[in-house]
Amino acid sequence: MSAVLFDLDGTLIDTAPDMAASLNQILLEEGLPPLSLADLRPHVSRGGLAMTQRAFSEYREESEIEPLRLRFLDYYLHHIAQHSQLFEGFEQVLNVLESHSIPWGIVTNKPGWLTDPLLREMKLSERSAVTISGDTTAEKKPHPLPLITAAKHINQPCSACIYVGDDPRDIEAGNAAKMTTVIAKYGYIEENADLNSWNADEIIETPLQLLSVIESTLGHTL
């Protein structure tokens with residue numbers, strides 16, 4: 001047996017449209033100009049604080065950032081899946097995994113109070129064999145503990161797991177956990193990022209390319 005684990009934002013689900021719209025709502029309330037989706041997209045995988053800093057650091061003192069972050073995430077919670085969707089091809093990938101009884105799960109730094117409602121709205125809660133959020137364990141990525149915990153939950157050795165992510169800390173965590181690591185190049189990655197320096201085992205341009213990685217790495221015929 002083997003398993004495939006995914007980062008959430010920018011890897012499994014394209015959440016950037018909802019997150020950007022929510023942050024722009026707070027900018028609007030503060031009388032500030034909105035930012036484009038293209039501008040905000042590379043910051044989404046880094047979390048709410050990074051996004052809030054990108055939007056407000058030019059206009060507000062550092063002490064004002066945290067209250068703005070909380071307002072942003074509260075608005076996002078109430079508009080969490082209006083435009084979010086699986087990246088193109090992922091429904092097919094998940095169907096193939098499930099049809100071959102290969103468990104898949106999610107390991108994200110997104111807090112559970114945002115992860116859980118998002119997965120419910122996307123009808124993924126019951127499909128995921130394990131979901132580890134940013135507050136599930138005592139450590140977050142790039143620490144390997146969340147990934148090790150996920151593997152234990154589904155009774156798989158880390159060496160039999162693939163971890164897919166779109167941020168250097170995803171690959172760092174996966175490598176530290178002794179998993180096969182895959183960069184989701186289609187995710188929220190800056191154009192000039194040196195992906196080779198991340199030291200991942202594989203790089204995929206599209207979700208569907210993951211199927212060939214699974215076949216070659218885990219020895220499954222899909």
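By how many degrees, between 0 and 90 and to the nearest 10, does the Cα long axis of helix 112-121 differ from the longest principal axis of the chain? Compared with the principal axis, the helix lies near 70 degrees. Per residue, the solvent-accessible area of the stretch 108-203 (1.4 Å probe, heavy atoms of protein chains only, all protein chains present) comes to 47 Å². Distances between placed amide hydrogens fall under 5 Å for Ile132 paired with Ile106, Val107, Thr108, all partners being 5 or more residues away or on another chain. Take every pair of alpha-carbon atoms less than 8 Å apart whose residues are at least six positions apart; their mean separation over the length of the stretch 19-99 yields a relative contact order of 31 percent. Amide H to amide H distances under 5 Å link Tyr163 with Leu5, Thr180, Thr181, Val182, where only residues 5 or more positions off or on other chains count and H is placed in the peptide plane. The relative contact order of the chain comes to 24 percent, based on Cα pairs under 8 Å that sit 6 or more residues apart. When the helices of the chain are scored as -39500 (n - 2.57) per DSSP H run of n ≥ 4 and the total is divided over every residue, the value at 222 nm lands at -11500 deg cm²/dmol. Annotation: the antiparallel percentage among DSSP beta bridges lying fully within the chain is about 10.
Restricted to Cα atoms, the chain shows a radius of gyration and a Dmax of 17.2, 55 angstrom. Only the Cβ atoms of Lys and Arg (+1) and of Asp and Glu (-1) were treated as charged; on that basis the dipole of the stretch 69-142 about its Cα centre amounts to roughly 260 debye. With contacts taken as Cα pairs under 8 Å and at least 6 residues apart, the stretch 162-221 reaches a relative contact order of 30 percent.
Summing Cβ point charges (Lys, Arg +1; Asp, Glu -1) relative to the Cα centre of the chain gives a dipole of roughly 600 debye. Comparing Glu88, Glu62, Glu190 in a Gaussian network model of the chain (Cα springs below 10 Å), the most mobile by mean-square fluctuation is Glu62. Within the accessible surface of the chain, defined with a 1.4 Å probe on protein heavy atoms only, the carbon and sulfur portion equals 48 percent. In terms of distances greater than 22 angstrom between alpha carbons, the cross-link table entries Lys123/Lys178; Lys123/Lys152; Lys141/Lys178; Lys141/Lys185 yield Lys123/Lys178; Lys123/Lys152.
The values are calculated or read from the model by the stated rules, or taken from the named source; none is laboratory data. This structure is a prediction, so every number in the text was calculated from the model and none was measured. No Cβ is skipped: glycine too gets one built from the backbone with ideal geometry, and neighbour counts run over all protein chains shown. Keep in mind that these areas ignore ligands, DNA and RNA; they rest on the heavy atoms of the full protein, side chains included. Shrake-Rupley method; radii C 1.70, N 1.55, O 1.52, S 1.80 Å.
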